[in-house]
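Participant: Here it is, the structure in full.
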Amino acid sequence: MIKVYGYNKCDTCRKAIQFLEKQNIQFENKPIVDQPPTLTEIKKMLTFIEKNGGTFKNLFNTSGVQYRELGIAEKLKSGLTEKAALQLLSENGKLIKRPFLLGDDFGVVGFKIDEWKKIFK
């Protein structure tokens, strides 16, 4: 089952949900703040991000208030480990880039319609 972790006040998340509904794609809509992805799901997402040349840093919602309040950018520069970062993300959904779309054999963070169209051909 495809899972979409999102935030109902996020325009981008709403657009992503509308896209899936228009395509008649079944999915489970999960509230990212109340039920952040598990550590296992975050690690799985990271494997897909790394296949596309990214790193664990791509999982962070860099425009979020908590990202700034917690000084995550500075922590990343000063050596926040991948393990510690993934644990932090699994405990705080507001730090995760959204929407967070995870299927059995794919995963993507953020909503770029062209990218999503390729996934759901």
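The values are calculated or read from the model by the stated rules, or taken from the named source; none is laboratory data. None of these values were measured; they are calculated from a predicted model. Virtual Cβ from ideal backbone geometry, glycine too; neighbours counted across all protein chains shown.
Participant: What are the residues in the range 1-11 that are over 7 Å from Pro99 (Cβ atoms), surrounded by 15 or more Cβ atoms within 10 Å (Cβ to Cβ) and not aliphatic (A, V, I, L, M), if any? Step through it out loud before you land on a result.
Facilitator: The first filter runs over the range 1-11 and keeps only residues over 7 Å from Pro99 (Cβ atoms), leaving 1-3, 7-11.
Now narrow it down to the ones that are surrounded by 15 or more Cβ atoms within 10 Å (Cβ to Cβ): 2-3, 7, 10.
Across the range 1-11, the qualifying residues are Lys3, Tyr7, Cys10.
Participant: Further, regarding this structure: Can you spot a residue in the range 25-42 that is aliphatic (A, V, I, L, M), buried (at least 17 other Cβ atoms within 10 Å of the Cβ) and out of contact with any helix residue (DSSP H, G or I) (no Cβ under 6 Å at 6 or more places or on another chain)?
Facilitator: No; the residues of the range 25-42 include none that is aliphatic (A, V, I, L, M), buried (at least 17 other Cβ atoms within 10 Å of the Cβ) and out of contact with any helix residue (DSSP H, G or I) (no Cβ under 6 Å at 6 or more places or on another chain).
Participant: Something else: Any residue in the range 88-100 that is without any contact (Cβ under 8 Å) to a residue 40 or more places away in the chain sitting within a Cβ distance under 9 Å of a residue that is in a helix (DSSP H, G or I) and among the β-branched types (Val, Ile, Thr)? List the pairs, counting only those 6 or more apart or interchain.
Facilitator: If the second residue must be in a helix (DSSP H, G or I) and among the β-branched types (Val, Ile, Thr), the pairs left are Leu88/Ile72; Leu95/Ile72.
Participant: Can you name every residue in the range 65-85 that is touching a strand residue (DSSP E or B) at 6+ places or on another chain (Cβ under 9 Å) and either aromatic (Phe, Trp, Tyr) or within 15 Å of Arg98 (Cβ to Cβ) (or both)?
Facilitator: So in the range 65-85, the residues touching a strand residue (DSSP E or B) at 6+ places or on another chain (Cβ under 9 Å) come out as 67, 72-73, 76, 85.
Listed by number, the list holds a single entry, Tyr67.
Participant: Residue pairs, Cβ under 9 Å, 6 or more apart or interchain, first in the range 46-64 and in contact (Cβ under 8 Å) with a residue 24 or more places away in the chain, second outside any loop (DSSP other than H, G, I, E, B) and polar (S, T, N, Q). List them.
Facilitator: Listed pairs, sorted by first residue: Leu46/Asn58; Ile49/Asn58.
Participant: Taking the range 43-72 as the search range and keeping residues that are β-branched (Val, Ile, Thr) and within 14 Å of Gly107 (Cα to Cα), which one is surrounded by the most Cβ atoms within 10 Å (Cβ to Cβ)? Walk me through it before giving the result.
Facilitator: Step one: list which residues in the range 43-72 are β-branched (Val, Ile, Thr), which gives 47, 49, 55, 62, 65, 72.
From what is left, the residues that are within 14 Å of Gly107 (Cα to Cα) are 47, 49, 55.
Details: Thr47: 9, Ile49: 18, Thr55: 12.
Once the filter is applied, the top-ranked residue is Ile49.
Participant: Among the listed residues Glu21, Glu74, Glu50, identify the single one that is under 14 Å from the mean Cα position of the chain (by Cα), in a helix (DSSP H, G or I), over 11 Å from Tyr5 (Cβ atoms) and acidic (Asp, Glu).
Facilitator: Details: Glu21 fails: under 14 Å from the mean Cα position of the chain (by Cα); Glu74 fails: under 14 Å from the mean Cα position of the chain (by Cα).
None of the other options fit; the residue is Glu50.
Participant: Shifting gears a bit: Assess whether Ala73 counts as being closer than 23 Å to Thr12 by Cβ, free of Cβ contacts under 8 Å to residues at least 24 places away in the same chain and among the hydrophobic types (A, V, I, L, M, F, W, C). Break it down into steps so the answer makes sense when it comes.
Facilitator: On the way: closer than 23 Å to Thr12 by Cβ: yes; free of Cβ contacts under 8 Å to residues at least 24 places away in the same chain: yes; among the hydrophobic types (A, V, I, L, M, F, W, C): yes.
It is true that Ala73 is closer than 23 Å to Thr12 by Cβ, free of Cβ contacts under 8 Å to residues at least 24 places away in the same chain and among the hydrophobic types (A, V, I, L, M, F, W, C).
Participant: Let me ask another. Six or more apart or on different chains, Cβ atoms under 8 Å: show the pairs whose first residue is in the range 29-45 and of a type in the set (Ser, Thr, Tyr) and whose second is surrounded by fewer than 21 Cβ atoms within 10 Å (Cβ to Cβ).
Facilitator: Thr38/Ser90
Participant: When the residues of the range 1-49 are filtered to those that are out of contact with any Pro (no Cβ under 6 Å at 6 or more places or on another chain) and aromatic (Phe, Trp, Tyr), which remaining residue is modelled with the lowest pLDDT?
Facilitator: Going through the range 1-49, the residues out of contact with any Pro (no Cβ under 6 Å at 6 or more places or on another chain) turn out to be 1-3, 7-12, 14-15, 17-49.
From the residues that got through so far, the ones that are aromatic (Phe, Trp, Tyr) too are 7, 19, 27, 48.
Details: Tyr7: 93, Phe19: 97, Phe27: 97, Phe48: 96.
Checking each candidate, the answer is Tyr7.
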